[in-house]
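The values are calculated or read from the model by the stated rules, or taken from the named source; none is laboratory data. The structure presented is a predicted model; accordingly, all values stated were derived computationally and were not measured. For neighbour counting, all protein chains shown are included, and Cβ atoms are generated from backbone atoms with ideal geometry for every residue, glycine included. Side chains are part of the model used for accessible areas, which takes the heavy atoms of the whole protein and leaves out ligands, DNA and RNA. Shrake-Rupley method; radii C 1.70, N 1.55, O 1.52, S 1.80 Å.
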Amino acid sequence: MKTTIALIASTALICSAGVANAQDFTLEPGFGSVSLENGFTPDPYEVDLISGGSIDASSVGCVGMIANAPDFRVDYMAGDFFPLILSVESNSDTTLVVNMPDGSWACDDDSAGNLNPMIEFNQPMSGQYDIWVGAFGGGNDEATLYISEVMAGSSYDGGGSSMGGGMPDFSLPPSYGSVDLQSGFDPDPYNVQVTSGGSLDAEVVGCAGMIATAPDFRLNYVAGDVFPLIISTMSSDDTTLVINQPDGSWICDDDSGENFNASVTMETPMTGQYDIWVGSFFGDNQPATLSISELYSN
């Protein structure tokens, strides 16, 4: 159960304080609530709301004017891989005030840029997050709250990005099909003809090259105890690889294969779904061969 006396570390300012005549997380949130589990899609989850209120957030060491009741509530089930990122986009100067599952407070003013706030919890707790979107100079304005495990601001198609053009979306059907393979599969390698490149910069997931929004190919793989899993490309273009693994983590490569081709070797592969993008380092769209093997790379 929440209290207001716990104090923990975070990437944002966190404090505990008395809350007399202040915001009240026991009230029903003004703009609704949601239950989200680690790895949720679509990411980000978006909430349109109105910033500001009549209470000075300095009562819990934060800035901005906020409402009495939370603006939004998230019941979150944390995992082992992703951070939890809360951010706001608005035409006005907004702030964030968050009461976390242990009762401590986190806040931010301008970390997302353009006078927008952002709080990133690198090791988020499971439980109830009550969120207020404040107005730095008072007043009330339209704002969008983003809840993400990937990046601040809008990300997937359907809302332009404030941080670089969108995100690869593993919830979409792959453009060049899918396959179910079990360790020891034959023939090896399994090859797929694709076209490299796309309109998204893979830098948004820490990789190189331009990629499509939807995966190029999907592998449903049953791992064994003997073989690695090797995914590689072959093309006359300078290709890259971007792979979303079964646990939701991202891996990538640029030139580990021959002749500017990409290759990723997973010595102890996981069983599950691998979504694969074949990128183009220079942004071209060129024919390429995607190779899935347990023996060798292209």
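Observations on the structure shown:
- Model label sites at Tyr176 and Ser199, defined 7 Å from Cα along the beta-carbon direction, differ in position by 2.0 nm.
- Solvent-accessible area assigned to carbon and sulfur over the chain amounts to 50 percent, based on a 1.4 Å probe.
- For the range 207-298, the fraction of C-alpha pairs more than 22 angstrom apart is 20%.
- Averaging 1/r over each pair of different alpha-carbon atoms in the range 182-228 and inverting the result gives 13.2 Å, the Kirkwood hydrodynamic radius.
- Protection proxy ranking, peptides 203-209, 223-229, average beta carbon neighbours within 10 Å, highest first: 203-209, 223-229
- Residues of the chain: accessible area per residue with a 1.4 Å probe, Å²: 43
- Positive minus negative residues near Gly64 (Lys, Arg vs Asp, Glu; Cβ under 9 Å): -3
- Rel. contact order, % - alpha carbon contacts under 8 angstrom, at least six apart, the range 241-298: 35
- Diffusion constant of the chain at 20 °C, which comes from Stokes-Einstein with the Kirkwood Cα-pair radius and 1.002 mPa s, µm²/s: 104
- In nm, spacing of pseudo-spin labels at Asp75 and Tyr190 (7 Å Cα→C-beta vector): 3.9
- Counting every alpha-carbon pair across the range 230-279, the share separated by more than 15 Å comes to 39%.
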